[in-house]
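Let me begin by presenting the structure, written as structure tokens, before commenting on it.
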Amino acid sequence: KFLSMADLVMKWGLLPYELFMAIWVICGFGIVFYLLGRIRFPHDSPVKSFSPMRLSFVGLFGLFTVYMLLGFRYDEKAETFAPVGLLSGISPSPGYSWIFPKSCPAGLSCYHDLTTGLDAAKQSGKPVLLDFTGHGCANCRKMEDYVWPVPEINKLIDQEYVLISLYVDEKADLPKEEQFIFETNNGTKKPILTVGNKWATLQSENFASATQPLYVLLSPEGHLLTDPLGYCSKTEYEHFLKRGLQGMQVLGLQASR
């Protein structure tokens, strides 16, 4: 799990989703066969009887292993593997895959650069869903696996918003001409050298938050539509997205006056 987090951040490509899940499934079956006595180590005694506790563990690991196999289902909407809920935030995102790679979760389209995303929003006239996230953020994966696929929420994001996902732990270096020293609100001088530095500083300086996920709704011109929101329930998130659309209507009424 921890190697997987490092792999995601550093982009080594060592543990994509299908390999991660395959290792867990193999371990699960290995435990089941060991408990049944089908696998023995040199100092193990033969298993001649099965106590209720041993049978309980066989059943528990057997069911969990079969459950993990469900992670190899194909999700037509997302065009990649379907995530399994209990491993959300532990396993890599299903889109981090050799077979069905996807740069955006839940079958959505997204941008990973603020300027490009804002340009697209201005052209379409749609508000922006600014997603401050991280490759190693467990709660971000839970939101993407549990909340974003909900049909009502998925439809709102897909049809009503321009999604911009900014990874605050992205290690890629900025071009030399874009690297600079930033002076924070408290006077600290901070070198902005990587893409992650840039987005993390944007979040902390503009929205007074350093935790992920953080969701911010903006008009195409960059006006804040409602209070930012962090990790939350499906109902809260749906209401949040609808408030953003209401904010757009209010801005439109004010502009017309």
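If the condition is being under 20 Å from residue 246 (Cβ atoms) and of a type in the set (A, V, I, L, M), then segment 158-178 contributes 162, 163. When 53, 5 are checked against the criterion of being of a type outside the set (Gly, Ala, Ser), open to solvent by less than 80 Å² (accessible area, probe 1.4 Å) and either part of a helix (DSSP H, G or I) or at pLDDT 95 or above (or both), 5 stands alone in meeting it.
When residue 250 is tested against (1) in contact with a strand residue (DSSP E or B) (Cβ under 6 Å, 6 or more places away or on another chain); (2) open to solvent by 20 Å² or more (accessible area, probe 1.4 Å), exactly one condition is not met: (1). The combined condition, being open to solvent by 80 Å² or more (accessible area, probe 1.4 Å), within 27 Å of residue 162 (Cα to Cα), in a loop (DSSP other than H, G, I, E, B) and modelled with pLDDT of 90 or more, is not fulfilled by residue 97. The residues in segment 67-81 that are more than 12 Å from residue 21 (Cα to Cα) and open to solvent by less than 20 Å² (accessible area, probe 1.4 Å) can be counted, and the count is 2.
Screening 121, 172, 138 for residues that are at pLDDT 95 or above, of a type in the set (A, V, I, L, M, F, W, C) and in contact with a Ser or Thr (Cβ under 9 Å, 6 or more places away or on another chain) leaves exactly one candidate, 121.
With the structure loaded, tell me whether residue 172 is in contact with a helix residue (DSSP H, G or I) (Cβ under 6 Å, 6 or more places away or on another chain) and either without any contact (Cβ under 8 Å) to a residue 40 or more places away in the chain or farther than 27 Å from residue 147 by Cα (or both) or whether it fails that test. So residue 172 passes the test.
None of 191, 151, 213, 175 is surrounded by fewer than 20 Cβ atoms within 10 Å (Cβ to Cβ) and within 19 Å of the chain's Cα centre (by Cα) except 151. Whether any residue in segment 157-177 is under 23 Å from residue 84 (Cβ atoms) and of a type in the set (Lys, Arg) is what I want to check. No, every residue in segment 157-177 fails to be under 23 Å from residue 84 (Cβ atoms) and of a type in the set (Lys, Arg).
Apart from one condition, residue 110 fits all of (1) at pLDDT below 95; (2) surrounded by 16 or more Cβ atoms within 10 Å (Cβ to Cβ); (3) within 30 Å of residue 172 (Cβ to Cβ); the exception is (1).
For segment 27-47, filtered to residues that are within 37 Å of the chain's Cα centre (by Cα) and open to solvent by 70 Å² or more (accessible area, probe 1.4 Å), the residue that is nearest to residue 66 (Cα to Cα) is 29.
The values are calculated or read from the model by the stated rules, or taken from the named source; none is laboratory data. All values reported here derive from a predicted model rather than from experimental measurement. As a convention, Cβ positions derive from the backbone with ideal geometry for all residues, glycine included, and neighbour counts pool all protein chains shown. Note: accessible area is taken over every heavy atom of the protein model, side chains too, but ligands, DNA and RNA are not part of it. Shrake-Rupley method; radii C 1.70, N 1.55, O 1.52, S 1.80 Å.
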